[in-house]
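The values are calculated or read from the model by the stated rules, or taken from the named source; none is laboratory data. Because the structure is a prediction, the values reported are computed rather than measured. Note that each Cβ is placed from the backbone with ideal geometry, even for glycine, and that neighbours are counted across all protein chains shown. These area figures cover heavy atoms from the full protein model, side chains too; ligands, DNA and RNA do not enter into them. Shrake-Rupley method; radii C 1.70, N 1.55, O 1.52, S 1.80 Å.
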Amino acid sequence: MMTLTHIADTHLGHRQYGLKQREDDMVSTTRAAFQEMIEERGTDVILLPGDLFHSRDLRPKILHQIEQELERIPDEVPVLVSRGNHDENLTPRDVTWLNYLHQRGHIVFLNAELNADPETAWFTPYDPEDPGQSAGFYDIDVAGLDGPIRVFGLQWRGAKTGQALQQVAKGIEETNEMHGEPAWTVLLAHFGIEDEVPTLGGAVTHGELRDMKDVVDYLALGHIHKRYESGGWIYNPGSPEAHNTREGRPEWDHGYYSVTLDTDGADAGGDAPEFDVDHHPTKRRPYYRIEFDVTAHESPGDLETAFREHVTDKQAAMTEYCSQAAFMARGEPRAPIIDLRFTGTLQFSRGDFRTDELAAWVEDACDALYVQVNTGIRTANVQQLLSEIDEDEVFKDGQLNTAALEHRVFETIAKESIYDDHAADVADVLGNAHQMAQADEAVEDIRDSVSSARQELFPDLADDVVLDIEEDPFADAESDEEASGDTTGGDTEAETETEEVVEQ
């Protein structure tokens, strides 16, 4: 028997919400998973297909921490890593941090050479005597198998993944002809599959994987932070930690796989060995959602009283949820991250709706690590605007003038916020950001555009307002607010996290 473990998207160094504790969580969760793999699963190999790190430019502390964690892994257990989108460099460099860890002997960095021949990939074998900066494949000799277990790696290719997969499939065939046929083949790769994760843009389809299935027995994926499996050969374990409130929902599985090969019963005639795959949840910090409908409350005081009663009623259920084994640390539940969601129609001025004060009270009352506020509300004035808006204003020659309608809605929202004095300007900024998003412009460009406009309009607030664009594969999916018919909500205040995402 032989056991491989498959983990992905550890995102070491992610200081979520600016919290040092969340940065520490990424390390401790990964450490606990590695320890469990070795001591309980008896793993022979660790597979990690991308996003070992969260940032392309590492701080020295993060690099030091991962070196410490990798040094705890026995020398006889290789850690095979391919590159994800977060592992790439912001600027071209000869040596990346993955190259560095490879040269230091902490990992085997697997990378496909795709530039030499546009028709095929080139894979060089790993040589422990001369490891170089990376390798194309890694062979594991196992008694009882008629050939090695051969592990290949494909780096993040984004929109070019489909073409790269064709090159890799041909490259694997040529590699096997040159170096001998393996008994079992693994490919590490970092991409999503469109048919398995609906509404995910820029993903590959099962049709594009058809050639790969002929040469790969186990496709070890990363990139999507939710567990999914397909066809008995495609496996994506989900990230060890949740990285936004959507990923913190109970229906999202987070963990790693153990893959057990039956090497004793392998067929000497060349058939691939049988294997079993089990998913194991990681020990991580819990998210807990609290929703509150603001519709029935006529004044800020009434709303606050009802809200506090509602949260108090939820505390017992929250404690029970956070006491699950996956959320425990040293026998005690971890302090949760609370996903606080306001819904419905607000009956008074948005400027009097102090979500920051309510969030601070929840954090204290529930002993939470952090409270993330998400608002999916309409104000009564916006509701009235949508019902009474002049058709002549938003229809021209029988066609809907969406820009005019959008501007009216944005301006009405701004008038009921702390940005009342610049409502028209704020509406212009939001409209421009929306147009950029519709044009599929880069999220960094949208963020820079909004930040620049914000600094010009509100120089005194610029240091306090944070635009946190979380990366999430379901950016095009219908939001909770949209599903309830509310597409105009969204907190404009500093504590709000924008969960609109372009790529994982």
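Using only Cα atoms, locate the centre of the stretch 211-228 and the centre of the stretch 148-200, then give the distance between them in Å, rounded to an integer.
First find each Cα centre; the distance between them is then 8 Å.
Say each of residue 332 and residue 424 gets a label point 7 Å from the Cα, pointing the same way as Cα to Cβ; how far apart are those two points in nm?
5.7 nm
How far is it, in nm, from the label point at residue 124 to the one at residue 252 when both lie 7 Å from their Cα along the line to the Cβ?
In this crude spin-label approximation the distance works out to 3.9 nm.
How much accessible area per residue does the stretch 6-159 have, in Å², with a 1.4 Å probe?
43 Å²
Could you give the length gained on full extension between residue 312 and residue 448, defined as 0.36 nm per residue of separation minus the Cα-Cα distance, in nm?
Details: separation 136, 0.36 × 136 = 48.96 nm, distance 4.02 nm.
So the extension gain works out to 44.9 nm.
Just for the stretch 99-217, what percent of DSSP beta bridges are antiparallel, to the closest 5?
Values: 6 of 14 bridges.
Close to 45 percent.
Say each of residue 293 and residue 177 gets a label point 7 Å from the Cα, pointing the same way as Cα to Cβ; how far apart are those two points in nm?
6.6 nm
Taking N as the number of residues in the stretch 339-381, what is its alpha-carbon radius of gyration divided by 2.2 N^0.38 Å? Walk me through the numbers before you get to the answer.
Details: Rg = 11.4 Å, N = 43, 2.2 N^0.38 = 9.2 Å.
Normalised Rg, Cα atoms only: 1.24.
Multiply the residue gap between residue 229 and residue 104 by 0.36 nm, knock off their C-alpha separation, and tell me the result in nm, one decimal place. Could you put the intermediate results ahead of the total?
Values: separation 125, 0.36 × 125 = 45.00 nm, distance 3.36 nm.
Gain on extension, residue 229 to residue 104, equals 41.6 nm.
Heavy atoms only, probe 1.4 Å: what % of the accessible area of the stretch 107-218 goes to carbon and sulfur, would you let me know?
On the way: 2120 of 4990 Å².
Carbon plus sulfur share of accessible area: 42 percent.
Greater than 25 Å separation of Cα atoms is the criterion. Which listed pairs, 160/213; 213/283; 61/160; 170/226; 160/283, meet it?
Details: 160/213 19 Å; 213/283 33 Å; 61/160 33 Å; 170/226 30 Å; 160/283 35 Å.
The pairs that break the limit, which is 25 Å between Cα atoms, are 213/283; 61/160; 170/226; 160/283.
May I ask you to derive the FRET efficiency for residue 455 and residue 21 from their Cβ-Cβ distance with R0 = 35 Å, giving the value to the nearest 0.05? Numbers along the way, then the final one.
Numbers: r = 30 Å, r/R0 = 0.85.
E between residue 455 and residue 21, to the nearest 0.05, is 0.75.
In square nanometres, what is the average projected area of the Cα convex hull of the stretch 288-361? Write out the running numbers ahead of the final one.
Working: hull surface 20.9 nm².
Value for the stretch 288-361: 5.2 nm².
If we sort 305-314, 6-15, 43-52 on the protection proxy, mean other Cβ atoms within 10 Å, highest first, what's the order? Walk me through the numbers before you get to the answer.
Numbers: 305-314: 14.1, 6-15: 24.3, 43-52: 25.8.
In decreasing order of mean packing, 305-314, 6-15, 43-52 become 43-52, 6-15, 305-314.
Grab every C-alpha pair in the stretch 54-126, bin the distances at 10 angstrom width from 0 up to the longest one, and report whole percents.
16, 47, 29, 8, 0
Using θ = phi - 60° and the Karplus form 6.51 cos²θ - 1.76 cosθ + 1.60, what ³J(HN,Hα) does each residue of the stretch 123-137 get, whole Hz, x for Gly and Pro?
10, 9, x, 6, 10, x, 6, 9, x, x, 8, 6, 9, x, 8
If you take every DSSP beta bridge fully contained in the stretch 1-125, what fraction is antiparallel? Give it as a percent rounded to 5.
Details: 2 of 12 bridges.
Of those bridges, close to 15 percent are antiparallel.
May I ask you to compute the full-extension gain from residue 432 to residue 28, defined as 0.36 nm times their residue separation minus their alpha-carbon distance, rounded to one decimal in nm? If you can, show how the numbers build up before the last one.
Details: separation 404, 0.36 × 404 = 145.44 nm, distance 4.12 nm.
Contour length minus Cα-Cα distance gives 141.3 nm.
Eigenvalues of the Cα gyration tensor times 5, then square-rooted: what semi-axes does that give for the stretch 234-321, in whole angstrom, largest first? Can you show the working numbers first?
Working: eigenvalues 483, 28, 15 Å².
That gives 49, 12, 9 Å for the three semi-axes.
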